[in-house]
Amino acid sequence: MTVLEAIQKSADFLAKKGVASSRLNAELLLAHLLQMPRMKLYLNFDRVLAVAEIDALRELIKRRGQREPVQHITGSTSFCGLEIIVNRHALVPRPETELLAELGWQYLSAQNPTPVTVLDFGTGTGCIAIAIAAKCPDARITALDLSSEALELARENALKNRVAQQIEFLQGDGFAVLAEWCGCPQGLEPSSPNGLPGISLPQFDLIVSNPPYIASSEISTLEPEVRDFDPSLALDGGVDGLGFYRRLAVGTRPFLKPAGKIMLEFGDGQAEAIKKILTDENWIVEAVREDYSHRARILVARR
Ligand code: GLN
């Protein structure tokens, strides 16, 4: 079997299994197997595959046919030009989230004086924190996640992309862990007045988050690649999908510098509801940005 025949056969099989962009997926997996850039396959269409290569490809295509995401099979994905390792403990980085990282580093690059500080709330693979760190060598980032397995992955990604020294990883559920981290008494609510004797809460120039934003009841309707392989912890935004925005609207406030900004990703059709949640908590919504498919996707707000 030649490279071209293998691609065609694999693409037909994947299409029957309901995989979107089946030809692209077949090419990506074969390129991964042969350890060559996908475009190089086109120069090798007539190459005859060895039996061992055909067997290995069959395994990869079978996994993809069972709707395992291509990024889980190849082990990584590209995010803002960086290679990010993925596994089942964190959401596979999405192209639309690149826009959040980009808005973040553009804002920080215009800040004076440096260093600037950033909180990434729910860091997952670490992709946003790592992309910002890579673009802003003066940024000091705190990356928070509830899942210790996700943080382990984020740490590995930071090391791989040589920005580990810029990022502090913190495990915990929400803002209380930040208060504890800086020595505030346990149980201190984030809304407690800042400036207890000898204690000051860390305040960031920028807080970014791509929180879980799918309504719990909608999770079962998602594509199998998302529903069965992304951790529900990274998807489930509660009854209406907006639980984390309510939390962020209140919880971020004591941790943001007076002139700082919050930048949040959200899902289709959620813009108006999130704007209301924020303005009800006295935030000024500065911008709602569309992603590359022209859907409102990122919100920028200040105090
Ligand atoms: N963007 C993801 C999706 O559409 C959801 C990510 C999230 O909940 N933050 O599947």
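Each reported figure results from applying straightforward, stated rules to the coordinates on display, with no laboratory input. Quick caveat, the model's predicted, so the values are computed rather than measured. Heads up, the Cβs are rebuilt from the backbone with ideal geometry, glycines too, and the neighbour counts pull from every protein chain shown.
See the values below:
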read-out	value
Only listed residue being surrounded by 17 or more Cβ atoms within 10 Å (Cβ to Cβ) and either within 16 Å of the ligand (Cβ to nearest atom) or touching a residue at least 12 places away in the same chain (Cβ under 8 Å) (or both), chosen from Glu225, Glu290, Glu218	Glu225
Considering residues of the range 261-283 that are on the phi < 0 side of the Ramachandran plot and among the polar types (S, T, N, Q) only, the residue farthest from the ligand (Cβ to nearest atom)	Thr279
Single residue of Glu102, Glu27 found to be surrounded by 20 or more Cβ atoms within 10 Å (Cβ to Cβ) and of a type in the set (D, E, K, R)	Glu27
Options Asp230, Asp236, Asp205: the member that is within 10 Å of the ligand (Cβ to nearest atom), acidic (Asp, Glu) and in contact with a Ser or Thr (Cβ under 6 Å, 6 or more places away or on another chain)	Asp236
So Phe45, is it surrounded by fewer than 19 Cβ atoms within 10 Å (Cβ to Cβ), touching a strand residue (DSSP E or B) at 6+ places or on another chain (Cβ under 8 Å) and of a type in the set (Phe, Trp, Tyr)	yes
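Residues are listed down the side, and each one gets a yes or a no for (1) charged (D, E, K, R); (2) in a strand (DSSP E or B); (3) farther than 30 Å from Phe121 by Cβ:
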| residue | (1), (2), (3) |
| --- | --- |
| Glu5 | yes, no, yes |
| Ile54 | no, no, yes |
| Glu59 | yes, no, yes |
| Glu96 | yes, no, no |
